[in-house]
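Beneath this line is the structure, given in structure tokens, with notes to follow.
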Amino acid sequence: MNELNFFKKDYSERQFVEFIDDEDYSKLGSERSNFDWLKDNILDLGLVAVNPIAGASYQMYKFFRNSETSGIKINPVPKSLKNKFVFPVNETCDVYVGHPKNERQYFPLKDFHKFILEHKFSELINILLHLGAIDISVEYKEGWGQELSAAMSAVISETGDTLNGTAGSKSTKNNTILFNMQLEGTDSPSLAENLSWYPFEETWKLLVNARLKFGLKDTSLKFTYNQDFGINANLITNLENNNINIGGNFTKHNSTVWDITVKFK
């Protein structure tokens, strides 16, 4: 089986994924000759979709695939291939959206923006930890703020490191420090592994280069989450108008800016 044919597609082609029974998927295969060939090539997957009414996933897919007005491309995936995808722990639903920078990672549609914000922020903090940060302070500027504690928990669990330090948050008259973390820092700074956002963030690259090659001691940068990736109210309205259940209340995009200051060992 060659699932790479799917995962190598452009983001717009793989963005949404609907997992359907293999039997229903085989009906799609009959239209393009051979189910095994479709399975090996993962068909034309893209956007995840659908918690179909009355189990009509095949019919719902047919509707959207033939629709000239929905503007939504739904790519069905047989459930037997679901283990080829990566999902958040303890998160199950019928509608998933692909990570824009990690081709195998998929998130529930209703909480897409929450997961993406946390994932991006977690990666940046993970980079700073591996570079030997001894003090990290995050100041709220606009957008989301309270989600930060959950994101920080994710960082600690993902790195697998024991952080010898303290973390907390405080508010002052003029600003809100979402949290401030003091650490012992590492004596061997390095670039963290398994990074999704880093290849696309030029400011992050500059920071890493300055630290590893020129001994950067302190710096400041902005963390931003401004793009909605097409996951917005218009999409949700379109889905709901076609009786598609996204599995709960939609968490809308909230353009976010946080200021981060860092001191290194």
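Remarks
- Among residues of the stretch 100-118, those that are in contact with a strand residue (DSSP E or B) (Cβ under 9 Å, 6 or more places away or on another chain) and buried (at least 21 other Cβ atoms within 10 Å of the Cβ), counted: 9
- For the stretch 76-92, a residue qualifies if it is in a strand (DSSP E or B) and out of contact with any Asp or Glu (no Cβ under 6 Å at 6 or more places or on another chain), and the qualifying residues are VAL77, VAL86.
- Qualifying residue in the stretch 133-143 (condition: buried (at least 17 other Cβ atoms within 10 Å of the Cβ), of a type in the set (A, V, I, L, M, F, W, C), outside any strand (DSSP E or B) and modelled with pLDDT of 90 or more): no
- Scanning the stretch 201-241 for residues that are of a type in the set (D, E, K, R) and over 20 Å from PHE112 (Cβ atoms) yields GLU202, LYS205, ARG211, LYS213, LYS217, ASP218, LYS222.
Here's the yes/no breakdown for (1) assigned by TED's automatic domain parsing to the domain that holds LEU129; (2) assigned to a strand (DSSP E or B); (3) out of contact with any helix residue (DSSP H, G or I) (no Cβ under 6 Å at 6 or more places or on another chain):
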site	(1), (2), (3)
SER196	yes, no, yes
THR203	yes, no, yes
LYS213	yes, no, yes
SER220	yes, yes, yes
ASN234	no, no, yes
LEU239	no, no, yes
ILE244	no, no, yes
GLY248	no, no, no
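- Hits in the stretch 1-46 (condition: buried (at least 18 other Cβ atoms within 10 Å of the Cβ), among the polar types (S, T, N, Q) and modelled with pLDDT under 50): none
- Selection count, the stretch 92-140, where residues are free of Cβ contacts under 8 Å to residues at least 40 places away in the same chain and polar (S, T, N, Q): 2
The values are calculated or read from the model by the stated rules, or taken from the named source; none is laboratory data. These numbers come from a predicted model, not from an experiment. As a convention, Cβ positions derive from the backbone with ideal geometry for all residues, glycine included, and neighbour counts pool all protein chains shown.
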